[in-house]
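What follows is a short report on a single structure.
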Amino acid sequence: METTPCEDLLEWLYEYHMTNHIWPRWPLSIEQRRDNDLTQDTIQQCITNLTKAELLDESNNCLALTEKGIDAGRKIHQKHKVLSCFFTEMLGMKPDDASSQACILEHTASDDTIKRLDTYLSKNLGRTYLSSKTSDKKDSHHDTPPFFLSQGKKGEQYEIIAIKGCNRLQRLTDLGLIPGAHLRITQQLARSLVVTVKDCDIAISPEIASVILVTPWKNNA
Amino acid sequence: MEKQRIGLLGNPNVGKSLIFTHLTGIGVEVSNYPGTTVHLKHGLCCSQDCPFVLVDLPGLYALNGSTPEEQFIREMIMRHELDSLIVVLDARHLERNLYLLLQACEYDIPLIIVVNMMDYAKEHGLELDLNQMQEMFCVPVIGTSAIHGTNISEIVPAISAAAHPRWNTQYDAHIEAACRSLNRLSQISKKEALHLLEGIEPWPHTTLKSKEELQETAKIITAEVEQEHQMSIQQIIAANRHYAASRIAKKVVSHTPSKQKLDLDYLLTRGFPGIPILLLLLGLMLSIVFMLGSALEEVVVELFTTYILDPLGLLSLSPLAYEVLYALAMAVMAGLGIAFPFIFIFYLLISALEDSGYMTRAAFLADRVMHQFGLHGQVLVPMILGLGCNVPAIMGIRQLNTRRERFIASFLITMVPCSARTVIIAGIVSTYLGLWWAFSIYLVVGVLLIITGIMLSKVTPGTEYGMVLEMAPLRLPGPKQVLIRSMIHIREFLFVAMPLLLVSSVVLGLLGYFGVLSWFEAVMAPFMTGVLGLPGFASTALLFGILRKEMALETLIVLAGSADLSTLMNGIQLYTFSIVSVLFVPCVSTIAVLARELGTRHAILVSLYTVLLGIVVGSLVHLIMSM
């Protein structure tokens, strides 16, 4: 597999930075090479690949991960943690064996598998290794923090992010006011609103508007 | 052979009722289904000499909810009480309407699709490819315009071609997986599994034990899926259906950008001129009811007196029989002769307003004011209906979501001057003191209503729910539709309020016959004179007023022995009497409905409050005006 050594290097660089707070210099020292268990040639090739993928920045003779690279490194690191925790704590394997098995599986296990394992561990051990910071949903229009629809402005369009106490408000769901739906405020009187969803006008009271979390939405079409 | 039963299913305001009227004519039978409060309209129609029953189901947005209507119709379909469905969709809002259709497709019932309001859609620059839709669902799809009657005749022949739609909504992978697990556990279909996940009572044929087991499993799976998605499972399923609906709509509907928003709607929902228009409309409506009602009432009373009451006196009956018959005749006259003209005209006007789609705008405009009372805009509609008769208005508050809202609304509605109270205001205040004095009573009641509302919103426990209301499209009401709608409103008055009226009238007649009333009068006289400054016989009139509001007036006339009240009571007394009887205790029918809807304790509470209010306000008026 082509990607495996690259991912190993990525993970090693991430971990190195986490413990030493600096990026390793190129070429790597013998000690460093022993630590990451990769040959000079492989590393050389991986650096080229990672740089091409904009995960690594090797200017100034320094192997520094880009922001994207840090995210990717963290992800692999977390995968490793989840797997080795599962192997030691749940299956009773020796830490060294667990770690080396995790090293192999971390490259092939899907994100979903890891997520489920992590959920399983958090349920059984009360531990979680996946930080919420790895959210890959970071869309460009979610830049502004979400706010309640009651703070919205007339004539503006919004996307629904979440609805608090959702089960109580079945009617909202029926009318298409669900997370992900787009709406426009067409009328505003005191704090009561008329919103247009799916081309239908719906009047809602202030207390309903204040459980709907939204974020501005631009219609590009 | 039993007649086939075909259900008309659709969102509110899609023109379902209009199609129903077109297909069945005006001879409609409205029934409350046994043991429920759900209204169903039945009508007969004929397909190739084979009669079938068409059932107009209440307008729904979904089939998976927990409102009584949704639950009832869902069970009706699951129990195979309907042979097939006509699903009516609104061409202008196809995407939203498809949501209900997609749910209907998941039940084991053949259906046809009617896409109504094709003409409106065209006006708005929408082009619908119904053939495409027919191919997708493999059931007949008919485009109609019910308001012009276009293509309506094609519906009945198509019913025989009704089929199980060949449509499968694709759900999220986790939902599909959950359905498969449930299926492996107990061989239930995907539809049943979805129901379980949504928390709906499973199909009736599953045995109790496996049902509980399944529900338990479904709960565990649900929790897992919800954690995964950070959304409730209902929302996930709904999102999948909405997405499917939007994909279908994209294929079927093509826009041409000639869309122009109706400016009228924009104006109606603005603070100005929306609110002045609302007040003007209400004032206009009340004035029309007031004037036309009084004129009609006079005619009816005269006819009744000449042809029924007078001949009754000429018959040589035993005094007891005479008393009972007289009481019955009076009750019929009061109900049909006096209240009816007012109610009928009122309901005609209100039905026209409801049909025009204006009521939803009014609800939006009133939302803010209603919040001061711990209520929301939707309560405005039953409150306005209360101007006709309190009984159906109180029945209308069932749709409110929380007990707190129902509690406050029931208090306020019983204070709304119904047409029987209008009779008193018109008959006493307007006749002897003038029109402006009559309006002053409305003003006083209005102020008291506001004070009561604010007070109740402070002391009533519970949470607010708020309003989620689709704005019905604005349109010109059709006379036939308005007539049918007002007949449905009046039906509640005739079948709920009238029987109570008859019974209470006879009881009162008997009380009078056995001398209980004169004893009561003697006991109450000091109080009446001292506190309210009214003559003793007014207490009997007020007592009668409990049974039937407008009877307070008649009794007063009878007891006074003269049709000209001004000879016996002065202006202050007349005004005091009117305001007390308007405020004082809702009539027996209202109390009975209150007890049925909210419990006996609540009914007693409301009655006590209004008695106190009547006496306090009456004595205040007496004090202030005598100074």
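The values are calculated or read from the model by the stated rules, or taken from the named source; none is laboratory data. Note that this is a predicted model, so its numbers are computed, not measured. Because the Cβ atoms are built from the backbone with ideal geometry, glycine has one as well, and the counts that use them run over all protein chains shown. The area values use the complete protein model at the heavy-atom level, side chains included, leaving out ligands, DNA and RNA. Shrake-Rupley method; radii C 1.70, N 1.55, O 1.52, S 1.80 Å.
Residue by residue, here is whether (1) part of a helix (DSSP H, G or I); (2) closer than 23 Å to B:Gly434 by Cα; (3) among the β-branched types (Val, Ile, Thr) holds:
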site	(1), (2), (3)
B:Ile579	yes, yes, yes
B:Ser589	yes, no, no
B:Leu594	yes, no, no
B:Arg601	yes, no, no
B:Leu608	yes, no, no
B:Val611	yes, no, yes
B:His622	yes, yes, no
Unmet criterion (only one of (1) closer than 30 Å to B:Pro392 by Cα; (2) part of a helix (DSSP H, G or I)) for B:Ala522: (1)
Matching entry among B:Leu315, B:Leu328 (being open to solvent by 20 Å² or more (accessible area, probe 1.4 Å), touching a residue at least 12 places away in the same chain (Cβ under 8 Å) and of a type in the set (A, V, I, L, M)): B:Leu328
Subset of the stretch A:170-205 [open to solvent by less than 10 Å² (accessible area, probe 1.4 Å), at the interface with chain B (Cβ under 7 Å from one of its Cβ atoms) and farther than 21 Å from B:Met231 by Cα]: A:Gln187, A:Ser192, A:Val194, A:Cys200, A:Ile202, A:Ala203, A:Ile204, A:Ser205
All positions within the stretch A:207-216 that are more than 7 Å from chain B (Cβ to nearest Cβ) and not small (Gly, Ala, Ser): A:Val211, A:Ile212, A:Leu213, A:Val214, A:Thr215, A:Pro216
Residue within the stretch B:543-560 that is open to solvent by 20 Å² or more (accessible area, probe 1.4 Å), assigned to a helix (DSSP H, G or I), within 20 Å of B:Pro382 (Cβ to Cβ) and in contact (Cβ under 8 Å) with a residue 12 or more places away in the chain present: no
Qualifying residue in the stretch B:462-481 (condition: of a type in the set (S, T, N, Q), open to solvent by less than 20 Å² (accessible area, probe 1.4 Å) and either outside any helix (DSSP H, G or I) or modelled with pLDDT of 85 or more (or both)): no
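Report whether or not B:Tyr347 is buried (at least 23 other Cβ atoms within 10 Å of the Cβ) and either in contact (Cβ under 8 Å) with a residue 24 or more places away in the chain or in contact with a Gly (Cβ under 8 Å, 6 or more places away or on another chain) (or both).
Yes.
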Yes/no for A:Lys138 being modelled with pLDDT under 90, more than 8 Å from chain B (Cβ to nearest Cβ), open to solvent by 20 Å² or more (accessible area, probe 1.4 Å) and more than 22 Å from B:Ile233 (Cα to Cα): yes
Pairs, first within 18 Å of B:Tyr107 (Cα to Cα) in the stretch B:134-161, second among the basic types (Lys, Arg), C-beta under 9 Å, six or more apart: B:Met136/B:Arg166; B:Met136/B:Lys251; B:Phe137/B:Arg166; B:Cys138/B:Arg166; B:Val139/B:Arg166
Helices (runs of 4 or more DSSP H) fully within the stretch B:169-230 counting 3 or more residues that are away from every other protein chain (no Cβ under 14 Å), at pLDDT 80 or above and open to solvent by less than 20 Å² (accessible area, probe 1.4 Å): B:173-186, B:190-198
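Yes/no matrix, rows are residues, columns are (1) of a type outside the set (Phe, Trp, Tyr); (2) in a strand (DSSP E or B); (3) within 22 Å of A:Gln170 (Cβ to Cβ):
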site	(1), (2), (3)
B:Cys46	yes, yes, no
B:Arg74	yes, no, yes
B:Ile77	yes, no, yes
B:Glu81	yes, no, no
B:Asn97	yes, no, yes
B:Leu100	yes, no, yes
B:Ile113	yes, yes, no
B:Ala121	yes, no, no
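So which residues in the stretch B:501-519 are open to solvent by less than 50 Å² (accessible area, probe 1.4 Å) and of a type outside the set (Val, Ile, Thr)?
Selection gives B:Leu501, B:Ser504, B:Ser505, B:Leu508, B:Gly509, B:Gly512, B:Gly515, B:Leu517.
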Matching residues in the stretch B:60-93 - criterion: being surrounded by fewer than 24 Cβ atoms within 10 Å (Cβ to Cβ), of a type in the set (Gly, Ala, Ser) and either within 9 Å of chain A (Cβ to nearest Cβ) or over 18 Å from B:Thr24 (Cα atoms) (or both): B:Ala62, B:Gly65, B:Ser66
Some residue of the stretch B:94-115 being open to solvent by 20 Å² or more (accessible area, probe 1.4 Å) and facing another protein chain (nearest Cβ under 10 Å): yes
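For the condition under 20 Å from the mean Cα position of the chain (by Cα), within 15 Å of A:His77 (Cα to Cα) and open to solvent by less than 50 Å² (accessible area, probe 1.4 Å), what is the one hit in A:Leu9, A:Leu13, A:Leu56? Can you show your working first?
Numbers: A:Leu9 fails: under 20 Å from the mean Cα position of the chain (by Cα); A:Leu56 fails: within 15 Å of A:His77 (Cα to Cα).
From the options A:Leu9, A:Leu13, A:Leu56, the qualifying one is A:Leu13.
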Which listed residue, of B:Leu349, B:Leu317, is away from every other protein chain (no Cβ under 14 Å) and outside any helix (DSSP H, G or I): B:Leu317
Filter pass, B:Ile454 being out of contact with any Leu (no Cβ under 7 Å at 6 or more places or on another chain), modelled with pLDDT of 85 or more and open to solvent by 30 Å² or more (accessible area, probe 1.4 Å): yes
Selection from the stretch A:1-49 of residues that are part of a helix (DSSP H, G or I) and in contact with a Cys (Cβ under 6 Å, 6 or more places away or on another chain): A:Pro5, A:Cys6, A:Leu9, A:Cys46, A:Asn49
Tally, over the stretch B:416-447, of residues that are aromatic (Phe, Trp, Tyr) and either part of a loop (DSSP other than H, G, I, E, B) or in contact (Cβ under 8 Å) with a residue 12 or more places away in the chain (or both): 3
Number of positions in the stretch A:54-88 that are under 16 Å from A:Cys6 (Cβ atoms), assigned to a helix (DSSP H, G or I) and β-branched (Val, Ile, Thr): 2
Evaluation of B:Tyr575 against (1) of a type in the set (Phe, Trp, Tyr); (2) open to solvent by 40 Å² or more (accessible area, probe 1.4 Å); (3) more than 29 Å from B:Pro499 (Cβ to Cβ) (one fails), failing number: (2)
Qualifying residue in the stretch B:404-424 (condition: within 14 Å of chain A (Cβ to nearest Cβ) and surrounded by 19 or more Cβ atoms within 10 Å (Cβ to Cβ)): yes
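Of all the residues that make up the stretch A:116-128, how many are more than 14 Å from B:Glu228 (Cβ to Cβ) and at pLDDT 75 or above?
The total comes to 1.
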Qualifying residue in the stretch A:45-52 (condition: open to solvent by 50 Å² or more (accessible area, probe 1.4 Å) and of a type in the set (A, V, I, L, M)): no
Subset of the stretch B:371-402 that is open to solvent by 10 Å² or more (accessible area, probe 1.4 Å), within 14 Å of chain A (Cβ to nearest Cβ) and at pLDDT 85 or above - its residue that is farthest from the chain's Cα centre (by Cα): B:Gln372
